[in-house]
Amino acid sequence: MLYIESGSNSPYYNFALEYYLMTEKLFDDMVFLFWRTTPTLMVGKFQNTYSEIDLDYARSRKIQLVRRLSGGGTIYTDMGSWQFTFISPNRTSSPSIEFTGFIQPIVAAVRDLGADASFNGRNDLVVSGKKFSGNAQYIKNGRTLHHGSILFDTNLEEMVRASTVDPQKVISKGIKSVRDRVTNLKEHLPRPLSMEEFKAIMIDRILGNDGTEYILTTEDQKRILLIRQEQFDNPQKIFGANPRCQLHLKKYFPGAGTIHSHIDVEKGQIRQLHIFGDFFGDIDLEEIRSCLLLCPYTKEEVRKRLQSLSSPSAIYGLTKEDLVAALF
């Protein structure tokens, strides 16, 4: 087995490194990576970004957003989390998703540390009945990439807030729910370990006596940086890959009435918009619709477009910011 140190806390760089090792820098041995990121939301390959996260909150908190090449759900990671990656060179004519062989070494290493870890049979690792690791996988050209996240000392409240699009009262319930279902691994270890101590022990346990380290060359780094820019640190890849979605929103504003918004979003842009309601005013709904067609579906961009209108908030009792809120 080969260990490769990424040397970066950027999710874009680390996913580019994975991709490089899957498609270009091909080793005959199993490759193992152990890395972490600054606060990041990692969206699954088949997910719609708008329905999975609070995009405005994430931006306000400078939480990065990246789209994985593997399926599964959105996960939040920060400097209190660890990510691990296995890249298998084994080629087969009929590849299929199979987690057990990649998860068992992680389970064994954590159990060696004194925590009663186990695999739940789908894609999670648990300790004392609570999840501390989620896993995902994809296969390309017969090679398998398996990666997972370890909640070690993660900010769980930030994780819930950033990945929830529901109202605040639901978020509060969500935090309690998450506290009941997930846990930080450090709480289950018999002795305190720092982030770096945990990393060193895990790498040592996984590699064993036969592991070696490969040092990335200057040429490797150049290619990884290009892949980062083209594939991962690229808004078109993050938002343009969203499946088309139809949003049906209903918002009540005291003093103004109820606004129903039907919005079609495709490739990150508003493709159709219809607004209905029991409100009063001289608002020109067709002018609003025309103004927002092909607008990127973010509060920031919608707000800019609406400001250009002659009367962007001509609904009785409704402010300009209320109108923006009605569309999200």
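The values are calculated or read from the model by the stated rules, or taken from the named source; none is laboratory data. Here the structure is a predicted model, which is why all the values come from computation and not from measurement. In this analysis, Cβ positions are derived from the backbone assuming ideal geometry, glycine residues included, and neighbour counts consider all displayed protein chains. Side chains are part of the model used for accessible areas, which takes the heavy atoms of the whole protein and leaves out ligands, DNA and RNA. Shrake-Rupley method; radii C 1.70, N 1.55, O 1.52, S 1.80 Å.
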- Could you tell me whether Asn90 is under 22 Å from the mean Cα position of the chain (by Cα) and not aliphatic (A, V, I, L, M)? no
- Message: Among the residues in the stretch 209-228, are any at pLDDT below 90 and surrounded by fewer than 18 Cβ atoms within 10 Å (Cβ to Cβ)?
- Response: yes
- Message: Every residue in the stretch 1-19 that is of a type outside the set (A, V, I, L, M, F, W, C) and either free of Cβ contacts under 8 Å to residues at least 60 places away in the same chain or within 18 Å of Ala200 (Cβ to Cβ) (or both), please.
- Response: Tyr3, Glu5, Ser6, Gly7, Ser8, Asn9
- State which residue is least open to solvent (accessible area, probe 1.4 Å) when the search covers only the stretch 244-259 and only residues that are among the hydrophobic types (A, V, I, L, M, F, W, C) and within 24 Å of Pro296 (Cβ to Cβ). Ile259
- Out of the stretch 136-185, which residues are modelled with pLDDT of 65 or more and assigned to a loop (DSSP other than H, G, I, E, B)? Asn141, Gly142, Phe152, Asp153, Thr154, Asn155, Ser163, Thr164, Thr183, Asn184
- Task: Can you tell me which residue within the stretch 100-135, out of those that are basic (Lys, Arg) and not in a helix (DSSP H, G or I), is surrounded by the most Cβ atoms within 10 Å (Cβ to Cβ)?
- Result: Lys130
- Options Gly101, Gly72: the member that is small (Gly, Ala, Ser), under 21 Å from Phe152 (Cα atoms) and at pLDDT below 95: Gly72
- Message: Against the definition (touching a helix residue (DSSP H, G or I) at 6+ places or on another chain (Cβ under 7 Å), farther than 18 Å from Leu151 by Cα and among the hydroxyl-bearing types (Ser, Thr, Tyr)), how does Tyr57 come out, yes or no?
- Response: yes
- Message: What's the total number of residues in the stretch 241-278 that are of a type in the set (Phe, Trp, Tyr) and out of contact with any helix residue (DSSP H, G or I) (no Cβ under 8 Å at 6 or more places or on another chain)?
- Response: 2
- Would it be correct to say that Glu266 is charged (D, E, K, R), under 16 Å from Asp56 (Cα atoms), within 31 Å of the chain's Cα centre (by Cα) and at pLDDT below 90? no
- Query: Can you name the residue in the stretch 260-310 that is farther than 25 Å from Ile53 by Cα and part of a strand (DSSP E or B) and is also most open to solvent (accessible area, probe 1.4 Å) among such residues?
  - Reply: Phe276
- For Val43, state whether it is β-branched (Val, Ile, Thr), closer than 13 Å to Thr85 by Cβ and open to solvent by less than 10 Å² (accessible area, probe 1.4 Å). no
